[in-house]
Amino acid sequence: MNETPKLVGQDLAGLWSLTEAGESNAVDMAIPGDGISALVAAGVLPEPYHRKNEEACRWVSERDWVLTRHMTLDDPNHDLVIEGLDCMATVRWNGQTVIEGQNAFRTYRAALDDIACTGENTVEITFHSAVRVAAERQAAQPYPVPFIWNSPIPNGNMLRKPACDFGWDWNIALAPFGISGGIRLEPRRPARIDALRVSQHHGAGAVDIEVEVLLDTECAQTELQLAFNGETQNYVADGCFATAQFRVTDPELWWPAGQGAQPLYTLTATCGDQVEQRRIGLRDIALVSEPDDIGRSFELSVNGRDIFCKGANWIPADALLGRITREKTRDLLQSAVDANMNMIRVWGGGRYEADWFYHLCDELGLMVWQDAMFACNLYPADDGFLSDVAAELRENALRLNHHACLALWCGDNELIGALGWFDESKKDRDRYLVAYDRLNRTIETALKEAVPDVNWWPSSPSPGPMSFGDAWHDDTRGDMHFWSVWHEGRDFEHYRDVAPRFCSEFGFQSYPSMDVVRRFADPEDFNIASPVLEAHQKDRGGNARIAETMFRTFRFPEGFENFVYLSQVQQGLAIETAVRHWRAQKPRCMGALYWQLNDTWPCASWSSLDHGGGWKLLHHMARRFFEPVTVSVLPTETGFDLAAINDAPNPCDLSVRAEALSMDGTARLLFEGECHAPTDRSAQITSIPAASLSESEILHLTWISDHGPGTAHFAPKPYKSYDLQPAKLLLKARQEGPLHHLTLSADALALYASVEASQLGRFSDNAMLLRPGNPTHLTFQPDDPSQPVRFTTRDLHAATYSKEST
Ligand code: BMA
């Protein structure tokens, strides 16, 4: 069931006419949508994601654009409502200015009664160049307010639109304009429901629901009807406010994925012809951050159960808002849950997502860490800017407050760190820290006024309220962004030197999969140093870091396709090293959200899902290293500790086997035993002396519990130091209906054995360890089953040994 209310009035979504200001050539523009997508569809611009076309599309953001639509009205007595007007826009109705938009994160509403007429009407929206207005605003600041170097389009921090629109270290820079939400005429109502604030009080065997109705009304009294869980109550509201109470006995609780079900109850509020519907999951969710012996804890508790949060950071589903669809977004979120995630962090450089996004997360059991939309820049702190921010936070907090998935609100992304990145703020930290605190207080105050019981965290990363320390290197307090491995070039082992309380960002880049590369590049571009591939790598040192890490870890790959494959293997290895280690630190550590889940366009990035939703090897590995019950190898000075981790709701027992595996695939048993895994902490299984493994062996683990079997391996030395044997992978494929059944077998130990397909689809597994005599079965579900598929196999030996040496 959807939350979208039935429209009373007139929907103005659909085709509008777009012209450059002062020009006469018009093209169609779909609303919701963006101008770049419209100009591409009309053939005015080339496909921006292809090769180096970004450059050819940049000029659009430097011009003004006019969107027009004519319509006939029987009754002019309407409000014009626009959601996601992005962003500096003047809206004229029959020539009269009715809205001056300046914030893509707010809803604008204008009464048209004196302006609209019966019969033919014209609405015109002028989008002023974001580049020009941002520069004007910067020039008007009383002191310089620097923006991040990742953004090739300057001054994005002056405008309230997604920060990454101006470019990011993974994004194309186009600063698109458009409308991301609804645009409609609503009948002028004497009283209107502006927001519903829903709070839950959980007691023994019952949940009390309080619904506060916030009305926009000039009437002294308004009749309302509220219905929840089959019970209907009638009210007469005095003024702008009414409160209703409901009690649910024997409630069916909402749980994060992996902890239980996600039942949703329906709340309906009716005011005249306005019917608002919300789906409510009953849960008691608390952010627990308290001083302790280590420093300051950070964890989420749901219905009294401490939850280890596993997941990734969410960025907009596409760089062009017109290309974002509910179906594609659902697929990305479903992939998160399928990889055993229970949380995503909606990162502060994107946007507050649409209502339906949070509704999907409610249904899927994906908790949402919600940043306020501020990232990596310094920001203005003048009254005009701050009052706009307060209105933005109030609106979004009220819009989203009822969602079960919403776990916490966070003030920003990395604004405290940013104080140390710019010459201006390094020279005068006092001024910029005060400005920061004004902004941060504005956000906190607006949120708490709107939704008093909100779970609030001041910034990410943050050691805690009123702490402005280095949460990139301090693993004792609050949430941490641990970037030393990627941005400081430390080796993967360095992940084990820290034990964050909650790691809300850490990441390692890889190349997009070959099916994605083929869509944006031509074969002559297939070289990471080619201009086209470099144009799709937005992190200055990114290619060098990927290549350097390969030198450290592997023998160098043969050819471009193996380079792409190996970049994904090493990305998976990096994140697996961190996650397995930090999960074993439970309960000191209670969360690991890697950077980043998805991509906005096809590029080299830290994502585990390709642009288009395909699974990179990291995503397959994440499914395994995020499994509720798992075993981690913790290297010590004398050997290897094995730890059992259980994030499932109940304790369980595991049977564990550890073997020494040689490169030809033969195995020697080192340990076999049972272990009890409680849910509140990781449990030591055994220690394996370092001398148990010969120089040419790796550790191989298998286990079985109530949650099924699991497997992992651990190589004590870089893979390049092992003499891998030719695995000679053999793939047998058979198609049954839409599904391809694949059997993969090997002649010797095959590490990170993978299958790629010539078209988009989902493999059931990948990046596997194969041993001779133990074939593996997997499936491939193509997106388009009518097309023939060609499969390619890869493994570490085949990718890194020249043909002559095999
Ligand atoms: C983090 C994020 C992003 C960035 C990523 C990779 O700090 O907050 O700003 O894209 O690092 O550099």
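Only a single criterion out of (1) surrounded by 22 or more Cβ atoms within 10 Å (Cβ to Cβ); (2) under 26 Å from the mean Cα position of the chain (by Cα) is not satisfied by SER37, namely (1).
The rows are residues; the columns are (1) in contact (Cβ under 8 Å) with a residue 24 or more places away in the chain; (2) assigned to a loop (DSSP other than H, G, I, E, B); (3) within 13 Å of the ligand (Cβ to nearest atom).
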site	(1), (2), (3)
GLN141	yes, yes, no
VAL145	yes, yes, no
ILE148	yes, yes, yes
PRO152	no, yes, no
ASP165	yes, no, no
ALA173	yes, yes, no
PRO176	yes, yes, no
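Here SER24 clears all of (1) in a helix (DSSP H, G or I); (2) polar (S, T, N, Q); (3) exposed (fewer than 14 other Cβ atoms within 10 Å of the Cβ) except the condition numbered (1). So for region 460-472 (the condition being away from the ligand (no atom under 16 Å from the Cβ), in contact with a helix residue (DSSP H, G or I) (Cβ under 9 Å, 6 or more places away or on another chain) and among the acidic types (Asp, Glu)), does at least one residue qualify? There is no residue in region 460-472 that is away from the ligand (no atom under 16 Å from the Cβ), in contact with a helix residue (DSSP H, G or I) (Cβ under 9 Å, 6 or more places away or on another chain) and among the acidic types (Asp, Glu).
On the given criteria, is ARG545 of a type in the set (Lys, Arg) and under 24 Å from HIS797 (Cβ atoms)? Give the derivation first.
Details: of a type in the set (Lys, Arg): yes; under 24 Å from HIS797 (Cβ atoms): no.
Here the answer is no, as ARG545 does not meet what is asked.
Can you give me the number of residues within region 698-738 that are assigned to a strand (DSSP E or B) and small (Gly, Ala, Ser)? The number of residues fulfilling the criteria is 5. Sub-9 Å Cβ pairs linking a first residue in region 330-359 that is farther than 15 Å from CYS410 by Cβ and of a type in the set (Ser, Thr, Tyr) to a second residue that is assigned to a loop (DSSP other than H, G, I, E, B) and within 16 Å of the ligand (Cβ to nearest atom), at least 6 apart or interchain, are SER335/LEU597; SER335/ASN598; SER335/SER608, ordered by first then second residue. Counting the residues of region 496-514 that are closer than 21 Å to PRO635 by Cα, away from the ligand (no atom under 16 Å from the Cβ) and not aliphatic (A, V, I, L, M) gives 3. Quick check: anything in region 292-301 more than 24 Å from GLU252 (Cβ to Cβ) and either of a type in the set (Ser, Thr, Tyr) or within 15 Å of the ligand (Cβ to nearest atom) (or both)? Within region 292-301, one or more residues are more than 24 Å from GLU252 (Cβ to Cβ) and either of a type in the set (Ser, Thr, Tyr) or within 15 Å of the ligand (Cβ to nearest atom) (or both).
Looking only at region 762-789, which residues are within 16 Å of GLY613 (Cβ to Cβ) and modelled with pLDDT of 95 or more?
From region 762-789, those within 16 Å of GLY613 (Cβ to Cβ) are 762-764, 766, 780-784; that's our starting set.
Within region 762-789, ARG762, PHE763, SER764, ASN766, PHE780, GLN781, PRO782 meet the criteria.
A quick yes/no check of all residues on (1) crowded, with 20+ Cβ neighbours inside 10 Å; (2) of a type in the set (Gly, Ala, Ser):
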position	(1), (2)
GLU695	no, no
GLY708	no, yes
PRO726	no, no
LEU730	no, no
ALA733	no, yes
LEU744	yes, no
TYR752	yes, no
VAL755	yes, no
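With respect to PRO144, determine if the residue is of a type outside the set (A, V, I, L, M, F, W, C) and surrounded by 15 or more Cβ atoms within 10 Å (Cβ to Cβ).
Details: of a type outside the set (A, V, I, L, M, F, W, C): yes; surrounded by 15 or more Cβ atoms within 10 Å (Cβ to Cβ): no.
Taking the combined requirement at face value, the residue does not satisfy it.
The selection criterion, being of a type in the set (Lys, Arg), in a loop (DSSP other than H, G, I, E, B) and more than 23 Å from ASN150 (Cα to Cα), holds for ARG555.
Considering region 590-667, the qualifying strands (runs of 3 or more DSSP E), each wholly inside and each with 1 or more residues that are among the charged types (D, E, K, R), run over 639-646, 652-662. Considering region 344-357, the residues that are within 12 Å of the chain's Cα centre (by Cα) and more than 16 Å from the ligand (Cβ to nearest atom) include one that is surrounded by the fewest Cβ atoms within 10 Å (Cβ to Cβ), namely GLU353.
Restricting attention to region 393-435, report how many residues are part of a helix (DSSP H, G or I) and more than 16 Å from the ligand (Cβ to nearest atom).
Just the residues of region 393-435 that are part of a helix (DSSP H, G or I), to begin with: 393-400, 415-418, 423-427, 429-435.
Of the ones still in play, those that are also more than 16 Å from the ligand (Cβ to nearest atom) are 393-400, 423-427, 429-435.
Within region 393-435, residues that are part of a helix (DSSP H, G or I) and more than 16 Å from the ligand (Cβ to nearest atom) number 20.
Restricting attention to region 319-343, the residues that are more than 16 Å from the ligand (Cβ to nearest atom), within 13 Å of SER180 (Cβ to Cβ) and of a type outside the set (Lys, Arg) total 6.
When TRP369 is tested against (1) farther than 29 Å from ILE172 by Cα; (2) under 12 Å from the mean Cα position of the chain (by Cα), exactly one condition is not met: (1).
If a residue has to be closer than 18 Å to SER129 by Cα and either outside any strand (DSSP E or B) or of a type outside the set (Val, Ile, Thr) (or both) to count, how many in region 70-113 make the cut? Going through region 70-113 one residue at a time, the tally reaches 13.
Rundown of residues vs (1) within 16 Å of the ligand (Cβ to nearest atom); (2) free of Cβ contacts under 8 Å to residues at least 24 places away in the same chain, yes/no style:
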{"site": "GLY489", "(1), (2)": "yes, no"}
{"site": "GLU493", "(1), (2)": "no, no"}
{"site": "VAL516", "(1), (2)": "no, no"}
{"site": "PHE551", "(1), (2)": "no, yes"}
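Mind checking whether some residue in region 569-577 is within 16 Å of the ligand (Cβ to nearest atom), touching a residue at least 12 places away in the same chain (Cβ under 8 Å), more than 18 Å from the chain's Cα centre (by Cα) and at negative phi? I'd like the intermediate steps shown before the answer.
First pass over region 569-577, keeping only residues within 16 Å of the ligand (Cβ to nearest atom): 571, 574-575.
Filter again for touching a residue at least 12 places away in the same chain (Cβ under 8 Å), leaving 571, 574-575.
After this cut, where a residue has to be more than 18 Å from the chain's Cα centre (by Cα) as well, the list is 574.
Those left that are additionally at negative phi: 574.
Yes, there is a match, as at least one residue in region 569-577 is within 16 Å of the ligand (Cβ to nearest atom), touching a residue at least 12 places away in the same chain (Cβ under 8 Å), more than 18 Å from the chain's Cα centre (by Cα) and at negative phi.
Restricting attention to region 69-85, does a residue exist that is within 34 Å of the chain's Cα centre (by Cα), surrounded by fewer than 17 Cβ atoms within 10 Å (Cβ to Cβ) and of a type outside the set (Gly, Ala, Ser)? The answer is no, given that none of the residues of region 69-85 is within 34 Å of the chain's Cα centre (by Cα), surrounded by fewer than 17 Cβ atoms within 10 Å (Cβ to Cβ) and of a type outside the set (Gly, Ala, Ser). Note on region 290-328: residues that are exposed (fewer than 14 other Cβ atoms within 10 Å of the Cβ) and among the hydroxyl-bearing types (Ser, Thr, Tyr) amount to 1.
Quick one: is ALA547 away from the ligand (no atom under 16 Å from the Cβ) and part of a loop (DSSP other than H, G, I, E, B)? No: the conditions fail for ALA547. Only one entry of LEU731, LEU724, LEU749, LEU701 meets the criterion of being under 30 Å from GLN787 (Cβ atoms) and at pLDDT 95 or above, and that entry is LEU731.
The values are calculated or read from the model by the stated rules, or taken from the named source; none is laboratory data. This structure is a prediction, so every number in the text was calculated from the model and none was measured. Please note: Cβ atoms are built from the backbone with ideal geometry, for glycine as well, and neighbour counts cover all protein chains shown.
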